[in-house]
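The structure appears right after this line, and notes come after that.
The values are calculated or read from the model by the stated rules, or taken from the named source; none is laboratory data. Quantities reported herein were computed from a predicted structural model and do not represent experimental measurements. Every residue, glycine among them, receives a Cβ derived from its backbone with ideal geometry; neighbour counts consider all protein chains shown. The accessibility values were calculated without ligands, DNA or RNA, using every heavy atom of the protein model including side chains. Shrake-Rupley method; radii C 1.70, N 1.55, O 1.52, S 1.80 Å.
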Amino acid sequence: MRDRNSLGAIVIALASLGATVPGTAWALDDARYPDVRGVWQRPGAAQWDPTKPPGLRQQAPLTPRFQAVLEANLATADAGGQEYNPQVICMPSGMPRVMIAYEPLELIVTPDITYIRFDQMGENRRIYTDGRGWPEKITPSFEGYSIGRWVERDGEGRYGALEVETRGLKGPRTLDASGLPLHPDNQTIIKERIYLDPANRNRLHDQITTIDHVYSRPWTVTRDYNREAHPIWVETNCNAENHYVLLDKETYFITVDGHLMPTKKNQPAPDLKNFEQSSR
């Protein structure tokens, strides 16, 4: 009896996590869902629109105010600074930047939730596919609150794509390392269509539309990922590996021997007024 109770507890615990439990109502019908299992890696480009060069050549549909913000960010980067880039101090990429997949991503499909996990910043997305509506109040987060639905690819009940909408985001966030901005009001709405390439089952597409007050119109790009046949998971821990530090809105670099260095020419030293000054 104790073993039976223990097994029941395990089943309930797995179900609460959305795990597939053979022989239960929570088991996934593999015949209906596309096979997106495994490790997915971007084929190359890390700029937001992978079909265009980074920076101004992205031709982002920015409003004039935020075109100036991008130009200022690019000037900061050219000078060696990274103040505009939250990732350099180990803040999450957030949506939609996390879908650049700096490290490989993994999709885990269950009937009620599709998980997308990333190793770089320990970020995880939960896309609810249980038919729920939008809650009256969303607690803002970097990944946001995502509701999705599987859509059929034919009339035989097989799913061909996952359509997702994400709201409830917080910042600071940028679209990529060049400093493509997102509005500080954090009213961003992201719409996605995630699907396998019909001609190549080891190629995944994510058509991403960003709706944000920074942009004069919705901006749609498609990011692609290749399935890794023999994946090797590598631990990536930003807090352990990062050498940048932000002090009074200035980025500095810490060398391997622990010394603080400037990142820009003629950069002022940080204010040491709260430290005892050496007489030397």
Rg/Rg_globular for the stretch 67-122, with Rg_globular taken as 2.2 N^0.38 Å and Rg from C-alpha atoms: 1.50
What list of ³J(HN,Hα) couplings, whole Hz, do you get for the stretch 95-101 from phi and the Karplus terms 6.51, -1.76, 1.60, once you set θ to phi - 60° and write x for glycine and proline? 8, x, 4, 4, 6, 5, 6
Among T220, T114, F253 the positive-end extreme of the charge dipole of the chain (Cβ point charges): T220
Given q = 0.17 Å⁻¹, what are the Debye log10 I(q)/I(0) values for the chain, with equal point scatterers placed on the Cα positions and solvent ignored? -1.46
What is the P(r) of the stretch 200-280, as percent of Cα-Cα pairs per 5 Å bin from 0? 3, 9, 10, 11, 9, 10, 14, 13, 9, 5, 3, 2, 1, 0
Mind checking the log10 I(q)/I(0) for the stretch 108-198 at q = 0.15, 0.17 Å⁻¹? Debye, one equal scatterer per Cα, no solvent, two decimals. -0.67, -0.84
If you line up the long axis of helix 2-16 against the longest principal axis of the chain, both from Cα atoms, how many degrees apart are they, to the nearest 10? 60 degrees
Provide, as a two-decimal number, the C-alpha radius of gyration of the stretch 138-280 over 2.2 N^0.38 Å, N being how many residues it has. 1.53
What's the Cα-based Rg to Rh of the stretch 20-142, Rh via Kirkwood? 1.06
If you place +1 on the Cβ of every Lys and Arg and -1 on the Cβ of every Asp and Glu, how big does the dipole about the Cα centre of the stretch 140-280 come out, in debye to the nearest 20? 280 debye
Rounded to the nearest 10 Å², what accessible area does M91 show when all protein chains are kept and the probe is 1.4 Å? 50 Å²
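Hey, if we sort T236, T210 by accessible area with the 1.4 Å probe, largest down, what's the order?
Largest accessible area first, the residues go T236, T210.
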Calculated from backbone phi, Karplus (6.51, -1.76, 1.60) coupling profile of the stretch 41-50 in Hz, x at Gly/Pro: 10, 5, x, x, 4, 10, 5, 4, 8, x
Most mobile of I127, I113, I232 in a GNM of the chain (Cα contacts under 10 Å): I232
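I need the shape label for the stretch 80-154. Rule: rounded when a/c is under 1.5, else prolate if a/b > b/c, else oblate, with a, b, c from the alpha carbon gyration tensor. Walk me through the numbers on the way to the answer.
Numbers: a/c = 2.76, a/b = 1.72, b/c = 1.61.
Taking the square roots of the gyration eigenvalues as a ≥ b ≥ c, the stretch 80-154 is prolate.
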Most fluctuating of L74, L247, L107 in the GNM of the chain (C-alpha, under 10 Å) is L247
